[in-house]
Every structure is written in C-alpha cells, then in structure tokens.
Amino acid sequence: MSNWITVVNFALPVAGLMIVLFGTVMTAASTFSDKATRRFLLLFFTVLALYLGCNLFSQIAELFLGNYLITHTAKFFEYIFSSLLLPLLALYITIKCGQTSRSLSMYIVDFIWLLFFAQLGYAQMSKSIYYITEDNVYHRGPYYLTMLVPPALMMLVIFISVLRRRKQLSGKQFFGFISYAVFPAISLYLQTLDYGINFIVLGTVIATGILMMILLTDQAEQAAKQQQKIADQQAGLMVLQMRPHFIYNTMMSIYYLCIEDPTRAQKVILDFSAYLRKNFTALSSEDPIPFEEELEHARAYLAVEQVRFEDKLYVEYDTPYTDFTLPPLTLQPLVENSVKHGVDPELDPLHISIRTEKTATGYDVIVADTGPGFDSSESTSGNRVALSNLRERLARYGGSLSISDREGGGSVVTLHIRA
C-alpha cells in the first residue's frame with residue numbers, strides 16, 4: 001500500500017473523531033433539541049467514536065505494534081461498532097415517526113444484524129472472509145464481499161422505511177435519513193472495487209456529518225416555530241381574556257341607556273359587538289391586517305369605555321397615514337392598557353391620543369396618554385408579558401416597539417412598522 005493511501009486512511013478516522021467531538025459538544029449544548037434527539041445523537045456519536053477509534057487503533061497495531069492478537073481484536077470490534085450504527089438509526093426513525101412500539105423495519109434490521117454478527121463470529125475461525133497473517137498483515141478472504149451484504153441490506157431496509165414514512169417526517173429529516181442510507185451504500189460499492197482507501201469510513205463520516213447538521217438545524221427551526229406559536233397564543237389569550245368587570249359594567253351601562261337614551265344604547269351595542277367581533281376574528285388570524293381594521297378595533301373599544309367613564313376619558317385621533325399593514329391585536333391592547341392603568345375617579349381625566357407618522361423606513365403608530373406612566377417594575381401584572389409578546393410578534397414582521405415618558409406626565413408607546 002502506497003504511503004499516500006496510508007496517510008489518507010489515518011486521516012479519515014482522525015477527521016471523523018473531530019466531527020464526533022464537535023457534534024457531541026453541539027448536541028450537549030443545544031437547548032432546543034428534544035430529549036429523544038439528544039439521546040440518539042449522543043449514543044450514536046459514542047458508538048461512532050468507538051468504531052473510528054478501533055479503526056485507527058487497528059491501523060496503528062498493524063503498522064507499528066506488530067502484535068497479531070491486538071490487530072485481530074481491534075478489527076473485530078471495529079466491525080461490531082460500525083454495524084451497530086444502522087440498528088440505532090432504524091430505532092430513531094421509528095421514534096421520530098411517533099411509534100411507541102418496534103416497527104417491522106426495526107425487526108428486519110435487527111435480524112439482519114444478528115446474521116452479520118454470526119457471520120463475523122464465523123470469520124474469527126476461518127480465513128474465508130478476512131484474516132490476519134502471523135506477520136500482522138490484514139487480508140481479504142475469497143468470500144469477503146459476503147460480509148458487505150448484511151450492511152447493504154440494512155441500508156436498503158432503512159431507505160425503503162424512510163420512503164414509506166416520508167409524510168410523517170419533515171423535509172430535512174427525510175433528506176438526512178436518506179443521506180445516511182445512500183452515502184454508506186455508495187462507499188460499500190466503492191470498497192468492493194478498491195481495497196486501498198477505506199471508503200466505508202469515508203462514507204460513514206460524511207453521512208454522519210450531514211445527518212447531524214440536518215437534525216440539529218431541523219430541531220432549531222421547529223423550536224423557533226413552537227416559540228412563535230406559543231407567543232401568538234399568549235398574546236391572543238392575553239387580549240381575549242377580557243376582565244369580567246369590564247363586560248359586566250358594559251352590559252349595565254347598556255341596560256341603563258336603554259331607559260335613558262335608547263338611541264345611544266343602540267350605538268354602544270354596535271360598538272361593543274364590533275369590539276367582540278374583532279377580538280374573535282384576530283384569534284384565527286396570523287397574517288398582517290390593514291391598519292384601518294386595527295384602528296376600527298381600537299375605536300370600538302374606546303367608544304365603549306367612553307360611555308362607561310363619561311367625562312373621565314377623552315380620545316383624539318390624528319391618523320393621516322393608514323395605508324400599511326401590521327399584526328392583529330397590536331394597537332387595541334395598547335389603548336386598553338392605557339385605560340386600565342390611567343382612568344381613576346380620583347385623578348384628572350385621562351387623555352389618549354393615537355396618531356400615525358411616516359418615516360424613512362416605514363410608519364410609526366404612536367399612542368400617548370396622560371396616565372401615571374409606564375412602571376417597569378410591574379412584573380406581577382402581566383403587563384410586562386403582554387408587551388414582550390407584542391415585541392416578538394412585531395419583530396417577526398420587521399417592526400419594533402418602544403416606550404418613553406410623556407412630557408408633563410404619562411407615557412408614549414411607539415410601534416414602528418416597516419414599509
């Protein structure tokens with residue numbers, strides 16, 4: 001064997017061990033991957049490290065130690081650990097497809113692995129598959145290729161299993177599992193053509209690197225989507241969980257208006273109905289909506305509150321710019337927060353102004369009030385959580401939220417919407 005082939009064969013397991021180390025650190029440090037994925041990758045990397053370590057040690061033993069027994073033992077465990085990777089992958093695929101019991105493909109893979117183990121045991125007592133001479137040199141036997149058949153069959157079973165379950169897997173998972181069946185299969189074929197370079201190690205290292213990166217990125221994307229979903233749900237629930245006393249007081253106001261001012265009572269009923277309709281519509285909407293719709297939602301809410309609080313609440317609108325979109329339930333929660341914390345019978349009337357401005361990068365929606373101002377220490381009230389959720393939802397559409405003190409008292413909340 002030429003010197004450059006020897007160098008390549010030494011470099012392959014070393015490079016593989018570096019990938020294993022990197023993958024192990026990445027997996028252990030990942031906070032977004034689920035428990036099943038972390039356990040699989042850590043176990044998979046452990047078995048792969050043992051396989052690559054035995055491969056490297058067998059080369060060292062063959063070239064430098066000159067001990068037949070050490071080389072023979074290292075080769076035996078190299079084959080054992082390399083073959084265990086495929087049953088582990090079959091088990092993980094079953095778990096990712098949501099099965100709680102062993103699948104047919106797992107039974108088939110396990111049965112083929114047992115045949116391989118028996119074949120490997122026979123190889124220790126015969127020279128027909130592989131053998132190591134007394135001068136510590138590894139040789140293929142006349143039936144060496146038969147030892148490549150069980151791994152090839154296991155890869156075929158995994159390949160078919162992944163194809164059958166492609167609808168149960170994400171696109172990245174499907175590609176990653178298929179890659180681990182295809183690349184090692186190609187390396188097995190190349191190994192039958194050339195004995196020099198250890199193509200099986202090369203194919204295993206490449207397939208493992210691809211599988212690791214795909215699984216981790218897929219887990220990260222799924223975790224991000226889940227966080228977005230939770231944030232949307234929290235934001236929706238925060239708004240939709242209307243205070244019971246708000247509903248009660250509104251209904252009582254309508255009751256008395258029906259006697260004192262029926263025409264005005266009809267107007268309040270329409271405003272209250274519009275407010276409720278917008279709330280429930282927003283829960284099922286994830287896409288941005290026209291600003292006019294969100295403004296109508298805020299108007300309906302404030303109109304109801306003005307009936308309840310009469311001369312304690314005044315609202316001004318200055319919205320020359322309305323031709324843009326924003327996430328639903330962004331403006332209305334802000335004005336509701338102003339009313340909730342700003343209307344007090346013992347204080348001066350609350351003034352709220354809503355205006356829009358055009359900027360170089362988009363539009364600003366500004367909600368200013370003359371209330372007590374924003375208290376950043378109010379962590380127990382849910383106000384902080386609602387604003388945090390609103391910031392996250394705006395950020396996904398390129399927007400932002402900022403809060404500042406109003407000159408003369410009160411607060412100013414600015415929503416920036418990118419055009």
- Within segment 233-271, restricting to residues that are under 26 Å from Pro327 (Cβ atoms) and at pLDDT 85 or above, the one that is least open to solvent (accessible area, probe 1.4 Å) is Asp271
- Being under 24 Å from Lys267 (Cβ atoms) and within 39 Å of the chain's Cα centre (by Cα) narrows Glu357, Glu296, Glu305, Glu310 down to just Glu296
- Query: Would you say Thr319 is touching a strand residue (DSSP E or B) at 6+ places or on another chain (Cβ under 8 Å) and either of a type in the set (Val, Ile, Thr) or open to solvent by less than 80 Å² (accessible area, probe 1.4 Å) (or both)?
  - Reply: yes
- Query: Out of segment 410-419, which residues are touching a residue at least 60 places away in the same chain (Cβ under 8 Å) and among the hydrophobic types (A, V, I, L, M, F, W, C)?
  - Reply: Val413, Leu415, Ile417, Ala419
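Take Leu12 and tell me if it is crowded, with 21+ Cβ neighbours inside 10 Å, part of a helix (DSSP H, G or I), touching a Gly at 6+ places or on another chain (Cβ under 8 Å) and touching a residue at least 40 places away in the same chain (Cβ under 8 Å).
Working: crowded, with 21+ Cβ neighbours inside 10 Å: yes; part of a helix (DSSP H, G or I): yes; touching a Gly at 6+ places or on another chain (Cβ under 8 Å): no; touching a residue at least 40 places away in the same chain (Cβ under 8 Å): yes.
In short, no.
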- Item | Residue list for segment 191-209, restricted to those being within 21 Å of Phe44 (Cβ to Cβ) and either open to solvent by less than 50 Å² (accessible area, probe 1.4 Å) or in contact with a strand residue (DSSP E or B) (Cβ under 8 Å, 6 or more places away or on another chain) (or both) | Asn198, Phe199, Ile200, Val201, Gly203, Thr204, Val205, Ala207, Thr208, Gly209
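A quick yes/no check of all residues on (1) in a helix (DSSP H, G or I); (2) touching a residue at least 60 places away in the same chain (Cβ under 8 Å); (3) crowded, with 17+ Cβ neighbours inside 10 Å:
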residue: Val8; (1), (2), (3): yes, yes, no
residue: Leu17; (1), (2), (3): yes, no, yes
residue: Leu21; (1), (2), (3): yes, no, no
residue: Leu41; (1), (2), (3): yes, yes, yes
residue: Ala49; (1), (2), (3): yes, no, yes
residue: Cys54; (1), (2), (3): yes, no, yes
residue: Ile60; (1), (2), (3): yes, no, no
- Query: Under the condition of being open to solvent by less than 10 Å² (accessible area, probe 1.4 Å) and hydrophobic (A, V, I, L, M, F, W, C), which residue from segment 335-365 is nearest to Gly398 (Cα to Cα)?
  - Reply: Val365
- Query: Within segment 69-78, how many residues turn out to be modelled with pLDDT of 85 or more and open to solvent by 30 Å² or more (accessible area, probe 1.4 Å)?
  - Reply: 3
- Task: Hey, could you check segment 387-409 for residues that are open to solvent by 30 Å² or more (accessible area, probe 1.4 Å), free of Cβ contacts under 8 Å to residues at least 24 places away in the same chain and assigned to a strand (DSSP E or B) and say which is nearest to Phe291 (Cα to Cα)?
- Result: Ser400
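The values are calculated or read from the model by the stated rules, or taken from the named source; none is laboratory data. Because the structure is a prediction, the values reported are computed rather than measured. Cβ coordinates were reconstructed from backbone atoms using ideal geometry, including for glycine residues, and neighbour counts include every protein chain displayed. The protein model used for the area step is the full one, side chains on, heavy atoms only, and it has no ligands, DNA or RNA in it. Shrake-Rupley method; radii C 1.70, N 1.55, O 1.52, S 1.80 Å.
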